[in-house]
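As structure tokens, the structure follows; a few thoughts come after it.
The values are calculated or read from the model by the stated rules, or taken from the named source; none is laboratory data. Everything numeric here is computed off the predicted structure, so don't read it as measured data. Cβ placement follows ideal geometry from the backbone for every residue including glycine, while neighbour counts extend to all protein chains displayed. Remember, those area values only see protein heavy atoms, side chains included, never the ligands or the DNA or RNA. Shrake-Rupley method; radii C 1.70, N 1.55, O 1.52, S 1.80 Å.
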Amino acid sequence: MSEFVPYVTTKEIVHTKIISELLNPEGCHNEGTKYLESFFKLFLNPIKYNEYHDFKVVKERKVERALTEGGVRSIDILIESRDNSGQKHAIIIENKLNNAAFQYLQIEDYSQGLALESVHVDAVVILHDRYQHLFNNKYHSERTLYPKDLSDWITSVNPAHIGIKAYADFLMNINNQNILYENSKKMLDLSLNEIKDLYELNKAFENLTVTKNDYIVEQVKKTLPSEHSIATEFSQLDEKTWGLQFWNQADYDKTDLWIAVFYPGNPAEDDTYVYLYTHDSHDRKTSNSEIARRFGYEMQASQEGYTYFRAPGDKCRFSFFDKVRRKQLIDEIVLLLKKIHELSNSD
């Protein structure tokens, strides 16, 4: 799966191969018509599976263009069948699981092209990785299935099959990008007062990163001896990361050492890291290796004129929303400030 997942993620055609193989009664899954029958039952109501026969599942089915110019079109998956009168029927499955754009008159060309072959199109099914809003989806009247739908369909037939379950789990991971929309749909059943409460909570959440920063500064100042003053600076380093820096001016002037705390701008992401920084150009008595030894830290790298250190392993990583690790974060910053002060006096 470690090789398979990144490959499937970028290859729409791989999804097509897997899904068409599952739909195929002769597929290597050895479940006969179970997947095809289940597909009809779950997604094609009121079309009745038992009213058709001579099923054939074809991937990349070629069809002549009827409305546009150019070469033949390729339908991702076509379920072909006949009814008792001999009339040919088809269900078009268009795979957009990689968020690909629709081509001009693409679906219409498929339907009209099949009509030229005297094939009646019963339904068009769109497979899409992201929820398509009705107001901007040209094909909103068609059946649209999302990764969660496909995952539920697959596991409804054979939840115990390891390989198939792995693919179903992968589809659920793709569906995670739709969680916000799913949650917002649940809100439609809330009362107006509950919606207003959520709105206020959302505004508070947007301010949570700054509030977290203020809390860390307050607790560090509160824990430090009263005579040990500190300066701080809080800034956004890039699109995803914020940095909070601590130093005592007198100690910084002597040692050129300060503390940097990094955490994600999204408060829902929790990992917080503590580093010790210095300038490469500073002329001081204490070497980088001596700094690492005295602080029990490891020198990580020199980059853009800075050298930085951190505690070994995961000891540099803290969780703000775990109360024990949050206190350890404050204690670590205070301990580093004290050690820098000691180093300043020794120098």
Problem set entry | Contacts under 6 angstrom Cβ, first residue in the stretch 309-331 being farther than 25 Å from A292 by Cβ, partner open to solvent by 30 Å² or more (accessible area, probe 1.4 Å) and of a type in the set (A, V, I, L, M), 6 or more apart | none
Exercise. Are there any pairs with C-beta distances below 7 angstrom linking a residue in the stretch 54-73 that is under 24 Å from H15 (Cα atoms) and part of a strand (DSSP E or B) to a residue that is aliphatic (A, V, I, L, M) and open to solvent by 50 Å² or more (accessible area, probe 1.4 Å), with the two at least 6 apart or on different chains, and if so which?
Worked result: K62/V72; V63/V72
Exercise. Among the listed residues K315, K323, which satisfies the condition of being more than 18 Å from F234 (Cα to Cα), within 35 Å of the chain's Cα centre (by Cα), of a type in the set (K, R) and surrounded by fewer than 12 Cβ atoms within 10 Å (Cβ to Cβ)?
Worked result: K323
Seminar exercise, completed: If you go through E21, E26, E31, the only one that is assigned to a helix (DSSP H, G or I) and either open to solvent by 40 Å² or more (accessible area, probe 1.4 Å) or at pLDDT 90 or above (or both) is E21
Exercise. Touching a helix residue (DSSP H, G or I) at 6+ places or on another chain (Cβ under 8 Å), more than 21 Å from E342 (Cα to Cα), open to solvent by less than 60 Å² (accessible area, probe 1.4 Å) and aromatic (F, W, Y) - does that describe any residue in the stretch 289-297?
Worked result: no
Exercise. Among the residues of the stretch 101-115, is there at least one that is touching a strand residue (DSSP E or B) at 6+ places or on another chain (Cβ under 6 Å), at pLDDT 90 or above and charged (D, E, K, R)?
Worked result: yes
Exercise. Taking into account only those residues within the stretch 59-77 that are in contact with a Ser or Thr (Cβ under 9 Å, 6 or more places away or on another chain) and surrounded by 16 or more Cβ atoms within 10 Å (Cβ to Cβ), which is farthest from H161 (Cα to Cα)?
Worked result: A66
